[in-house]
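Below is one structure, written out as structure tokens, with a few remarks after it.
Please treat every number below as a calculation from the coordinates, not as lab data. Everything numeric here is computed off the predicted structure, so don't read it as measured data. Backbone-built Cβ (ideal geometry, glycine too); neighbour counts: all protein chains shown.
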Amino acid sequence: MRNIKRQFVRYTTLSLAVSGVVHGTWAQAQANSSYAIEEVVVTATKRETSVQDTAIAMSVFTGDALDDNGVSQVEDLAGIAPGVTFTKNSANVVVSIRGVNSQDTNETGNPAVAIAQDGFYIERANSFSNALYDMERVEVLRGPQGTLYGKNATGGVINFITEKPVPEFEAEVSAGFGNYDTFNTEGMINLPLSNKVNARASFMTREHDGYREDEGPADAGDDADMKSGRFHLDYQPTERLYLLFSAQFTELGGVGPTVTGTPVEAWTDNAVPRMDKGGVSHGKPNQYLDHNYQTYQVTAKYDFDNVSVNYIGGVRRSDYRQRRDLDGLFRSDNYFDLSEDVKDISHELRIASSDSSDFQWQLGGNYFKETNALTSIFRDYTDTAIPVDLMVFDFDVESESTAVFVHTSYDFSDVLTFELGARYSEDELSRRGNQLVFGTPSVYDNSGDNSKSTYHVGANWNISDDVMAYAKFSTGYKAGGFNNVPGRAESNPYGPETLEAFEAGVKGQYLDGRIQMNIAAFRYDYSDQQASVRNADGLSSIVNAGESEIVGLEFDWTALITPLDRFDGSVVFLDAEYTDFCAQYIAGGKCLVDFAGNSPTQTPDTSVGIGYEHDFEFTRGVLTARIQSHYETESYLGVANLGFQEKDEFTRTDILLTYQSNNSDWTLQGYARNLEDDVVITSAGKSGLWRSYTYGLSTPLTYGIKLTYRWL
């Protein structure tokens, strides 16, 4: 906590200095200038509200803002969303918000941050790499959101809201080129088919060579080969009834994510890693990724006089195949061949009161079911034509989640509102199948269930028309699961985790809406937090840490210094540690491996984002120049906090130049991202079996151009 106080003093000093500069600049501006920060409407509370009137610490990025910031994939959000970090474990993306994350990416694991597209929950970590195209906005909600969002929203929620059909013709197409032979395309067309029916279709392709150019004789990894298409059809037969039918198809190929290896003999566990960030030589056969998924969805809403009924449901199918080199070196001919056939079914029915009364309420229920036929084979490819199966895992996994919820608010006066919400969840999980490990067979027949009630209590105070304060207490819950440690017959189950969160904040606009600043302070108390621990062979399992604590402060701001100048940024301070975490006991209940006092994964003490842009007006268009930079202090990618798991502090700076014609029919953007060319580690592992440290690496310096043409 002392660290937070020292950081707060430094931030306050910086804020006063920045404030003086901003006010000095305004003093020179015209007193009667009429410009303000644009209002953004969100659906974070499953109602339409202004982002500044919503008592949630959140970041919202419209489709235009995503383009302006050069965001083209999920991981890019980490550079502009306060308190958000992304790491990769092979094709699996691990999202962390305020230090809350889940390293459990196996077939029974659950993420700690709920991710949804148009209300459809995405559970598989290897399906988080959606490229962002034809987006209306992205909402990043920080803190537990279990009452309204339920399943695995302990850390927060990321909502991807795509553009929907509108009753007018629109179309656009774009193409982009860059280093690493980058070639990207996007396009969309919106058609009004009648006065009651509208359709919208969009597509995206994304290609570039592998960033790890030195992995020969194998093909370079960390490449991209992605194609996606989306279709929406809406139908509004009456003013009261609205129907939307949606489908999306996505295909990922190429080599896929890779790891870079360093021989164990070259380092000790407490050494900070040093490796060739262009990759190192890999053997044959080539790694590959073949992942296809399809989503079919129905959204319906019927408005009665004082009540609306809302339904969202659909099916998502995922066919995932991957060959992975586990040592990241040329030294081994051992690879994992992974195969998953996944089917998700989701339904949510919600009844909500109108927005016109002092007492507002929502109640509903949802149902989610996932089935997964999984086969993973660890093979020796010394003879690439006839590989030898060393380990075989063949499981059928099924998870089922059912919940009911209620959320209410009451306006006691024009300035004071109280909120109360509750949710009851039941989760069932089973895994049945066989494994063969170096000739030793085992049979698995695991099943388990968890249930939990979570709740939310809050109070909101409208200090003025432009400033609100809030305080709330929320709880979160994430279900347990099963481990699968080769060579052991037991299932090694782990229990659910629970979270209690206290938060208070102020959200406000000042100087006639030209400056916006939000502040939030929070404290998380974790019980039985799920953490990934590796044994001496480098094989990981999930265990429950006894207690952990996260305390934090967040600041984010936007300032329109003049009609042509915008300054934005954020600062996040975290003080996080395990207060009770015995990773291994011995006879008599004595703790052999104690991680108490260590930092949880992905919890940098300080992260800062700064952005500045200026519009240059010309006769036929506007040139917007933007520079933005993101800084993080060091953090760890493993609960043991060993040197080889340490992620160094880093800074990433981007420059974007965007020219848009006056009639907005075409736009040309040039960009350079990660000017420092600072490639940091995004995952860290150690294998005693293959005698190597393995690292996932971030994106190096990239640059290119993008041309967009619109028919309006």
* **Residues 39, 547, sorted so that the one with the fewest Cβ neighbours within 10 Å comes first** => 39, 547
* **Protection-proxy order for peptides 589-600, 50-61, each taking the mean of Cβ atoms within 10 Å per residue, highest first** => 50-61, 589-600
* To do: Express in nm, to one decimal, how much length is gained between residue 461 and residue 396 on full extension, taking 0.36 nm for each residue of separation and deducting their alpha carbon distance.
  => 18.3 nm
* Structure fact -> In nm, the gap between the two label points placed 7 Å beyond Cα toward Cβ at residue 359 and residue 375 is 5.9 nm
* Cα centroids of the stretch 285-337 and the stretch 55-74: how far apart, whole angstrom? -> 22 Å
* **Between 0 and 90°, nearest 10: helix 2-27 axis offset from the chain longest Cα axis** => 30 degrees
* To do: Would you kindly state how much longer the chain becomes between residue 382 and residue 290 on full extension, computed as 0.36 nm times their sequence separation minus their alpha carbon distance, in nm to one decimal?
  => 30.8 nm
* **Residue pairs, from the table 590/686; 88/151; 369/472; 196/227; 46/478, whose Cα atoms sit over 28 Å apart** => 369/472; 196/227
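Excluding residue 698 itself, what net charge comes from residues whose Cβ is under 10 Å from its Cβ, given Lys and Arg +1 and Asp and Glu -1?
Details: positive: 88, 277, 647, 652; negative: 75, 222, 678.
Net local charge, residue 698 excluded: +1.
Can you list the GluC sites (Glu not before Pro) in the stretch 166-270 that are in a DSSP coil and have 11 or fewer other beta carbons within 10 angstrom? Each step should come with its number before you reach the end.
On the way: sites: 168, 170, 172, 186, 207, 213, 215, 239, 251, 265; in loops: 168, 213, 215, 239.
Counting only loop positions with at most 11 other Cβ atoms within 10 Å, the GluC sites (Glu not before Pro) in the stretch 166-270 are 168, 239.
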* Structure fact -> The size of the Cβ-based charge dipole (Lys, Arg +1; Asp, Glu -1) of the chain about the Cα centre, to the nearest 20 debye, is 440 debye
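What does the charge count near residue 550 come to, summing +1 for each Lys or Arg and -1 for each Asp or Glu among other residues with Cβ under 9 Å from its Cβ?
Working: positive: 98, 523; negative: 525, 549, 575, 577.
That works out to -2.
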* What nm value, rounded to one decimal, do you get for the distance between residue 412 and residue 183 when each label is placed 7 Å out toward the C-beta? -> 6.4 nm
* Structure fact -> Checking rank on 254-261, 115-122, with mean other Cβ inside 10 Å and highest first, the result is 254-261, 115-122
* To do: Report, by chain and number, residues whose modeled amide H sits under 5 Å from the one on residue 182, excluding near sequence neighbours (fewer than 5 apart, same chain).
  => 209
* Structure fact -> Total charge of the residues flanking residue 466 in space, meaning their Cβ is under 13 Å from its Cβ, with Lys and Arg +1 and Asp and Glu -1, is -2
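For the stretch 2-711, what is the relative contact order in percent, using Cα pairs closer than 8 Å and at least 6 residues apart in sequence?
On the way: 2017 pairs, mean separation 79.7, N = 710.
The normalised contact order for the stretch 2-711 reaches 11 percent.
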* Asked: Hey, got a sec? Which chymotrypsin sites (Phe, Trp or Tyr not before Pro) in the stretch 149-255 land in a DSSP loop and have at most 14 other Cβ atoms within 10 Å?
  -> 169
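Give, rounded to the nearest 20 debye, the magnitude of the charge dipole that the stretch 619-712 has about its Cα centre when Lys and Arg contribute +1 at Cβ and Asp and Glu contribute -1 at Cβ.
Working: 9 positive and 10 negative charges, 91 e Å.
Once rounded to the nearest 20, the dipole reads 440 debye.
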* Structure fact -> Rg (one decimal) and Dmax (whole number) from the Cα set of the stretch 557-712, in Å, equal 22.7, 81
* Please arrange 423, 124, 514 by counting, for each residue, the other beta carbons lying within 10 Å of its beta carbon, fewest first. => 514, 124, 423
* Figure the gain on full extension for residue 525 and residue 236 (residue separation times 0.36 nm, minus the Cα-Cα span) and round it to one decimal in nm. => 99.4 nm
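With an 8 Å cut-off on Cα pairs and a minimum separation of 6 or more residues, tell me the relative contact order of the stretch 277-378 in percent.
Working: 220 pairs, mean separation 26.6, N = 102.
Relative CO of the stretch 277-378 lands at 26 percent.
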* Structure fact -> Computed from the beta carbon distance with a Förster radius of 30 Å, FRET efficiency for residue 449 and residue 547 to the nearest 0.05 stands at 0.75
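Which value in deg cm²/dmol, rounded to the nearest 500, describes the helix-derived mean residue ellipticity at 222 nm for the chain, given -39,500 (n - 2.57) per DSSP H run of n ≥ 4 and division by the residue count?
Working: 3 runs with 36 residues, N = 712.
The per-residue figure over the chain is -1500 deg cm²/dmol.
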* To do: Taking 7 Å along the Cα-to-C-beta vector as the label spot, tell me the residue 268-residue 676 distance in nanometres, rounded to one decimal.
  => 2.8 nm
* What per residue convex hull volume, in Å³, comes out for the stretch 174-222 when only alpha-carbon positions are used? -> 71 Å³
* To do: Please report how far the C-alpha centroid of the stretch 354-397 lies from that of the stretch 639-672, rounded to the nearest whole angstrom.
  => 31 Å
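Once the convex hull of the C-alpha atoms of the chain is built, how many Å³ does it hold per residue, rounded to a whole number? Numbers along the way, then the final one.
Values: hull volume 113.4 nm³, N = 712.
Measuring per residue, one finds 159 Å³ for the Cα hull of the chain.
May I ask you to list the chymotrypsin sites (Phe, Trp or Tyr not before Pro) in the stretch 415-483 that are in a DSSP loop and have at most 16 other Cβ atoms within 10 Å of their Cβ?
Details: sites: 418, 424, 438, 444, 455, 461, 470, 473, 477, 482; in loops: 438.
Taking the stretch 415-483 and a limit of 16 other Cβ atoms within 10 Å, the loop chymotrypsin sites (Phe, Trp or Tyr not before Pro) found are 438.
Arrange the following residues from fewest to most other Cβ atoms within 10 Å of their Cβ: 277, 706. Walk me through the numbers on the way to the answer.
Details: 277 19, 706 23.
Exposure proxy ranking, most exposed first: 277, 706.
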